[in-house]
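Presented below is the structure to which this report refers.
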Amino acid sequence: MSTPATEGAAATALRSVLTRAQQAAERCGRSPEQVRVVAVSKTKPVSLICQVYDFGHRCFGENYVQEIVEKAPQLPSDIEWHLVSNLQSNKVKSLLAGVPNLDMVESVDDEKIANYLDRMVASLGRKPLKVLVQVNTSGEESKFGVDPSYCVQLVKHVKLGCPNLIFSGLMTIGMLDYSSTPENFKTLSNCRTEVCKELGIPEVQCELSIGMSADFEQAVITPVILSYITILLLAKSVA
């Protein structure tokens, strides 16, 4: 692991985020282990990702299938890759075939893409893939994500109708400037409560991916059982 004296700017930014997340967790009595930072490296070069990897970080995300397919083979295989943006059905095969260490797709927002993922995982002989259902908690027409009122139905389809997918939780993205309000986070928390009640899932087994660079501290202190925080760490500067 790099030291503060030798680490690059990206690793320094990550160190700052991890410290701030830990402090936010401690302020509200949450264990720092309940917060996972996914460093999203959209448009950034492999060399910059290597800085963060050398710092000791292993959980990275990408927005674009083409980028993750190009970058993943150039980087260590112990990286846990997340796709954090909308996935088109015609990109499913290239994603699953090109990134053997894809750990999770965070953006399942309809039955069609769930079905495509399920069938392709089976066709390629991959182990079951973890997925999050994306919920549009802000109500913006420009946002992907299922309406909160349809969340339970989509989760049921994934969990009961897609044997090659592992339903792991829910994800939401905040406003256009990547900021959310407590109401957005509360809506997602309420969706989780309904999903877990309907399907008999313990809430601790239903992750929430609810934070970005501008709002992750608010996400950490939101009164939910478990928060997995996605941060656009490399895609934009962290103050």
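Step by step: first the residues of segment 17-34, then only those that are modelled with pLDDT of 75 or more and open to solvent by 50 Å² or more (accessible area, probe 1.4 Å), then the one that is farthest from PHE55 (Cα to Cα). Which residue is that?
Narrowing segment 17-34 to residues modelled with pLDDT of 75 or more: 17-24, 26-27.
Filter once more, keeping what is open to solvent by 50 Å² or more (accessible area, probe 1.4 Å): 18-20, 22-23, 26-27.
Numbers: LEU18: 12, THR19: 14, ARG20: 17, GLN22: 17, GLN23: 20, GLU26: 23, ARG27: 26 Å.
That would be ARG27.
Just need a number here: residues in segment 182-202 that are part of a helix (DSSP H, G or I) and open to solvent by 60 Å² or more (accessible area, probe 1.4 Å).
Here is the first cut: in segment 182-202, the residues part of a helix (DSSP H, G or I) are 182-199.
After this cut, where a residue has to be open to solvent by 60 Å² or more (accessible area, probe 1.4 Å) as well, the list is 182-183, 186, 190, 193-194, 197-198.
Summing the residues that are part of a helix (DSSP H, G or I) and open to solvent by 60 Å² or more (accessible area, probe 1.4 Å) in segment 182-202 gives 8.
Has segment 146-160 got any residue that is surrounded by 15 or more Cβ atoms within 10 Å (Cβ to Cβ), closer than 18 Å to GLY61 by Cα and touching a strand residue (DSSP E or B) at 6+ places or on another chain (Cβ under 8 Å)?
No - not one qualifying residue is present in segment 146-160.
From (1) at pLDDT 95 or above; (2) out of contact with any His (no Cβ under 9 Å at 6 or more places or on another chain); (3) closer than 17 Å to LYS42 by Cα, pick out the condition that doesn't hold for LEU102.
(2)
For segment 56-67, indicate whether the set of residues that are open to solvent by 50 Å² or more (accessible area, probe 1.4 Å) and over 28 Å from ALA13 (Cβ atoms) is non-empty.
Looking only at segment 56-67, we keep the residues that are open to solvent by 50 Å² or more (accessible area, probe 1.4 Å), and these are 58, 64, 66.
Restricting the remaining residues to those that are over 28 Å from ALA13 (Cβ atoms) gives none.
No, that holds for no residue.
The values are calculated or read from the model by the stated rules, or taken from the named source; none is laboratory data. Since the structure is predicted, the reported quantities are computational estimates derived from the model, not experimental observations. Here the Cβ is made from the backbone with ideal geometry for all residues, glycine too, and neighbour counts use every protein chain on show. For the accessible areas, the whole protein counts, side chains as well, though only heavy atoms, and no ligand, DNA or RNA atoms are used. Shrake-Rupley method; radii C 1.70, N 1.55, O 1.52, S 1.80 Å.
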